[in-house]
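A.B. asks: Before I ask anything, here is the structure I am working with.
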Amino acid sequence: MPSTAVPRTINALAAGEVALIAAIDPAGQAPDAAIRLCELGFDEGVPVEILHRAPFGGDPIAVRVGNMVVALRRDMAGLIEVAA
Amino acid sequence: MNAPVLNLARSPVVALVGNPNAGKTSLFNALTGSRQKVGNYPGVTVERKAGRLALPDGRVCDLIDLPGTYSLSPRSPDEAVTRDAIFGRIAGEKPLDAIVAVIDATNLRNHLRFVLELKPLGLPLVVALNMVDLAARDGIGIDAARLSALIGLPVVETVAVRKRGLEALGQALAAGIGDAAPALPVVAAGDLKALQKQARQIANAVETATGSARRWSQRIDGVVLHPLAGPLLLGLILFFMFQAVFSWAEAPMGWIEAGIAALQAAMAGALPPGILLSLINDGVLAGVGAVVVFLPQILILFAFIIALEQSGYMARAAFLMDRLMAGVGLNGRAFIPLLSSFACAIPGIMATRTIDSPRDRLTTILIAPLMTCSARLPVYAVVIGAFIPARAVGPFGLQGLVLFILYLAGILGALLAAFVLRRTVTKGSAPPFLLEMPKYQWPAARDMALGLYSRATAFLGRAGTIILGSTILLWALASWPQPPADADRPPIEYSLAGRIGDGLEPLFAPIGFNKEIAIALVPGMAAREVAVSALGTVYALNDVSEENADSLIQRLRSAWPLPTALAFLAWFVFAPQCISTLAITRRETASWRWPIFMFAYLFAAAYAAAGLTYHLAVAAGL
């Protein structure tokens, strides 16, 4: 496991930036949410990219994960850490 | 089962299982055509879709379309049915003999994971690799033979919307289903992450070409989800939809009304005046008419909703609306049921089944009646026609503006109600909003037609029986006791309904309602628009229909002061009276508590709104 200083989440991705998922909910704060994310294809090593942000405040976001696009709110996106 | 057993081959039960958006329902429609039956699972209100499928070896199996799910760990009542059906745990349902796992060829990685979760169950399993045409369009090539070898299951390439691969699927099923029923599957504790990795490895191994998938969908999303263009487009679509619902339905609704009126006239000619004629004309025919007259609007609305769902746009609408819904403690998924409720709250409440959180679902059910349903329109039309002058306000007509304000008041009332409910009655943490955005697709005509047919029959069946029953009950209330021979007032005033109205009058006097309104609200319990004909009855007009609505308008003008009319409009924004909505709420929540609560809170809100409107109008000197 690489020990990066500050973990970066999906929320920090710039427009058009593709990153690989490093970990999902590593602190174990939301195990149920983590399972649901996993069911929708969020998993370590899978590339993700923010495609769209909703109008009026940029929440929720639409994320490309593998071959799918999934809409989720930023608080849940905060569980997904990406490699720097 | 005590049917005599002849020398008939057992008919095997086969279920279609798959992730949402795998094209499962299209495949079901392609396999069974119009030979399908839509019902309910016992105890739960999840739709049960079943049909017959003839196998190439002559056997005929029962094909069941199970609700889409991402895994065997259910999140919603729909998904729980899928799991229970697979494990043979539903009372009254025969255990499965085989499963067809439907997977989307353009999304192999995720959908394969679910297949790997199903495989250890031990049931005969055939994989339908669906939408291979779309995969080819995206430049994705899949080696189906290799896939079959790697997962150890038969794999059939299908294109459900074009009926491709159906024969091969039948052959694979016939080969897989034995003569004896398979043992019931046991719960397999699969490790989600391990399965996920395995699925990805297999997908990588069988994909001969990885094209730029979803190129088209991403381009369309560039406009549809654009921060500015997106909401604008959604507004335009909704505007067009409502225009269509009301203007296209006008003519067929007129025919239905004319047809019912002709039947009533024929009955009046054939039968002597009396209780029997009254029961048929004012009870049965009026009751049937009250339901059927909304069918054109409901069909048009459903056609739009099905097209929006099948094209993949609905998920985008939920995405765009999520922020607004989050503000009152709901999420974007509640948008679709609420949209349906503009035609009628009954299909809207039925559509809440897809909402995974019970609290969210309950809140959505409770606020659905606040969406201005089409049954309020006749009431609005008569009162606005009588009291709101048809003059122009800027570029708009004042009457249209008032109608718009009434719609808006309903929406704002619903948002406010949700806000309060989520903090009190349905308190609890909001569930996460997590929604797959499917790729865009043209809605297939066959799927549209079958979807429309099943929803229309569900509406007629459920609403029809309830409305018909309650109309007959209220007809009886309004007809007994009969007026004395020397009656000088309209007969309804002597009836039970009239007496209930008399009793209610003191309650309604503070909000400016007179005795006639109180009486009209009683039969108006059946359906809101019945209040119009009930007003006609109390104001001693024999028959209030399109032709003599004008005379009711004249009567109301002379009988009601303006503040009363405005209070009546405000009442109907919240109006609790619709027995069918309460009955469907009782079914969907499986308790009496929530329909009673719904009635009480809507009544309180309607009372407050009408009272406030009345006193403000009086104070303003109107």
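A.B. asks: Considering only the other residues whose Cβ falls under 10 Å of the Cβ of B:A30, what net charge follows from Lys and Arg at +1 and Asp and Glu at -1?
C.D. replies: Details: positive: B:R162, B:K163, B:R164, B:R446; negative: B:D447.
Here the charged neighbours net out to +3.
A.B. asks: I've got another one for you. Based on alpha-carbon centroids, what's the gap between segment B:229-287 and segment B:459-528 in Å, whole number please?
C.D. replies: 21
A.B. asks: I've got another one for you. Take the alpha carbon atoms of the protein assembly as shown, find their radius of gyration, then divide it by 2.2 N^0.38 Å using N residues; give the quotient. Mind dumping the intermediate values first?
C.D. replies: Numbers: Rg = 28.5 Å, N = 706, 2.2 N^0.38 = 26.6 Å.
Scaled against compact globular proteins, the figure is 1.07.
A.B. asks: B:R146: net charge of surrounding residues, Cβ under 13 Å, Lys/Arg +1, Asp/Glu -1, itself excluded?
C.D. replies: Charge balance near B:R146 sits at -3.
A.B. asks: Let me confirm one metric for peptide A:67-79, namely the mean number of other chain beta-carbon atoms within 10 Å of its residues' beta-carbons. Display every interim value, and only then the final one.
C.D. replies: Details: counts 14, 14, 14, 5, 13, 6, 9, 0, 3, 3, 0, 0, 1.
Other-chain Cβ atoms within 10 Å of each residue's Cβ, averaged: 6.
A.B. asks: Projecting each Cα onto the charge dipole of segment B:198-294 (Lys/Arg +1, Asp/Glu -1 at the beta carbon, about the Cα centre), which of B:G230, B:V292, B:M241 comes out farthest on the positive side?
C.D. replies: So the residue furthest toward the plus end is B:G230.
A.B. asks: Hey, another quick one. Determine the shielding of peptide B:107-117 by partner chains: average, over its residues, the number of Cβ atoms on other chains within 10 angstrom of each Cβ.
C.D. replies: So the per-residue partner count for this stretch is 3.
A.B. asks: Rounded to the nearest 500, what is the 222 nm mean residue ellipticity of chain A from helices alone, with -39500 (n - 2.57) per DSSP H run of 4+ residues and division by all residues?
C.D. replies: Numbers: 2 runs with 13 residues, N = 84.
It comes out at -3500 deg cm²/dmol, rounded to the nearest 500.
A.B. asks: Between B:S278 and B:F419, take the C-beta separation as r, use R0 = 45 Å, and let me know the FRET efficiency to the nearest 0.05. Before the final figure, lay out the partial values.
C.D. replies: Values: r = 46 Å, r/R0 = 1.03.
Approximately 0.45, to the nearest 0.05.
A.B. asks: Per residue of B:394-403, count partner chain C-beta atoms within 10 Å of its C-beta, then hand back the mean as an integer.
C.D. replies: Numbers: counts 0, 0, 0, 0, 0, 0, 0, 0, 0, 0.
What the average comes to for B:394-403 is 0.
A.B. asks: Here is a further query. Compare the Cα positions of A:V48, A:T9, A:A71 along the charge dipole of segment A:8-82 (+1 at Cβ of Lys, Arg; -1 at Cβ of Asp, Glu; about the Cα centre) and return the one farthest towards the positive end.
C.D. replies: It is A:A71.
A.B. asks: Only counting other Cβ atoms within 10 Å, I'd like A:R64, B:R215, B:R113 sorted with the fewest neighbours first. Let's see the in-between values first.
C.D. replies: On the way: A:R64 19, B:R215 13, B:R113 30.
Fewest-to-most ranking of A:R64, B:R215, B:R113: B:R215, A:R64, B:R113.
A.B. asks: About the Cα centre of chain B, what is the dipole size in debye to 20, counting +1 per Lys and Arg Cβ and -1 per Asp and Glu Cβ, all else neutral?
C.D. replies: Values: 50 positive and 41 negative charges, 348 e Å.
That gives chain B a dipole magnitude of about 1680 debye.
A.B. asks: Taking only complete DSSP H runs, can you tell me which helices of chain B stretch 18 Å or more along their own long axis by Cα positions and average at least -1.0 on the Kyte-Doolittle scale?
C.D. replies: Flagged H segments are B:192-206, B:229-270, B:295-311, B:313-327, B:398-423, B:445-479, B:562-574, B:593-619.
A.B. asks: Going highest first, how would you order B:346-352, B:297-303 by mean Cβ packing within 10 Å?
C.D. replies: Details: B:346-352: 24.4, B:297-303: 22.6.
Going by the mean number of other Cβ atoms within 10 Å, highest first, we get B:346-352, B:297-303.
A.B. asks: Here is a follow-up. Where does each of B:568-580, B:166-178, A:69-81, B:228-240 land if you order them by average Cβ count within 10 Å, highest first? If you can, show how the numbers build up before the last one.
C.D. replies: Details: B:568-580: 24.5, B:166-178: 18.8, A:69-81: 21.7, B:228-240: 13.8.
Top of the packing list down: B:568-580, A:69-81, B:166-178, B:228-240.
A.B. asks: Additional query: What does the net charge come to around A:T9 if you take all other residues with beta carbon closer than 10 Å to its beta carbon, with K and R at +1 and D and E at -1? Mind dumping the intermediate values first?
C.D. replies: On the way: positive: A:R8, A:R74; negative: A:E81.
Within the 10 Å Cβ shell, the charges total +1.
A.B. asks: How far apart, in nanometres, would the label points at B:A620 and B:A91 be if each is projected 7 angstrom from Cα along the Cα-to-Cβ direction?
C.D. replies: 5.7
A.B. asks: Suppose a student asked you for the relative contact order of segment A:8-82, using Cα pairs under 8 Å spaced at least 6 residues apart; what percent would you report?
C.D. replies: Working: 134 pairs, mean separation 30.7, N = 75.
With pairs under 8 Å counted, the relative contact order is 41 percent.
A.B. asks: Next question, about the same structure. Arranged by the count of other C-beta atoms within 10 angstrom, fewest first, what order do B:E309, A:E44 take? Don't jump to the answer; show the numbers that get you there.
C.D. replies: Numbers: B:E309 18, A:E44 15.
So the ranking, lowest neighbour count to highest, is A:E44, B:E309.
A.B. asks: Output the relative contact order of chain B, whole-number percent, from Cα pairs under 8 angstrom with separation of 6+ residues. Could the numbers behind the result be given before it?
C.D. replies: Details: 945 pairs, mean separation 66.9, N = 622.
That works out to 11 percent.
A.B. asks: So if we plug the beta-carbon distance of A:A12 and B:R499 into 1/(1 + (r/R0)^6) with R0 = 51 Å, what FRET efficiency do we get, rounded to 0.05?
C.D. replies: On the way: r = 70 Å, r/R0 = 1.37.
Calculated value: 0.15.
A.B. asks: Moving to a separate point now. If we count other beta carbons within 10 Å of each Cβ, what is the order of B:K193, B:K24, fewest first? The partial results should precede the final answer.
C.D. replies: Working: B:K193 15, B:K24 25.
So the residues, fewest neighbours to most, are B:K193, B:K24.
A.B. asks: By per-residue mean of other Cβ atoms within 10 Å, what is the highest-first order of B:96-102, B:11-17?
C.D. replies: So the order, starting with the most tightly packed, is B:96-102, B:11-17.
A.B. asks: Quick one: of B:K94/B:K197; B:K24/B:K427; B:K119/B:K197; B:K49/B:K197; B:K49/B:K163; B:K49/B:K427, which pairs are farther than 25 Å apart, Cα to Cα? Working shown, then result.
C.D. replies: Details: B:K94/B:K197 34 Å; B:K24/B:K427 35 Å; B:K119/B:K197 16 Å; B:K49/B:K197 33 Å; B:K49/B:K163 19 Å; B:K49/B:K427 34 Å.
From the list (B:K94/B:K197; B:K24/B:K427; B:K119/B:K197; B:K49/B:K197; B:K49/B:K163; B:K49/B:K427), the Cα-Cα distance tops 25 Å for B:K94/B:K197; B:K24/B:K427; B:K49/B:K197; B:K49/B:K427.
A.B. asks: At 0.36 nm per residue, and after removing the present C-alpha to C-alpha distance, how many nm does the segment from B:A381 to B:A476 gain when stretched out fully? Please report the intermediate quantities before stating the final value.
C.D. replies: Numbers: separation 95, 0.36 × 95 = 34.20 nm, distance 2.74 nm.
That pair, B:A381 and B:A476, stretches by 31.5 nm at full extension.
A.B. asks: If R₀ is 25 angstrom, what is the calculated FRET efficiency for the pair B:L401 and B:L507, using the beta carbon separation as r and rounding to 0.05? List each step's numbers first, then the result.
C.D. replies: Details: r = 31 Å, r/R0 = 1.26.
Given R0 = 25 Å and the Cβ-Cβ separation, E is 0.20.
A.B. asks: For a label point 7 angstrom out from the Cα of B:R587 toward its Cβ, which stretches of segment B:52-90 have the backbone nitrogen within less than 18 Å?
C.D. replies: Residues B:77-78 qualify, since their backbone N sits under 18 Å from the label point.
A.B. asks: Can you give me the distance in nm between label points at B:A183 and A:A27, each placed 7 Å from the Cα along the Cα-to-Cβ direction?
C.D. replies: Taking the two extended label points, one gets 4.6 nm.
Every read-out reported here was derived from the displayed coordinates using simple, explicitly stated rules and does not represent laboratory data. Keep in mind the model is a prediction, meaning the values are calculated, not measured. Quick reminder, even Gly has a Cβ in these numbers, built from the backbone with ideal geometry, and neighbours come from all protein chains shown.
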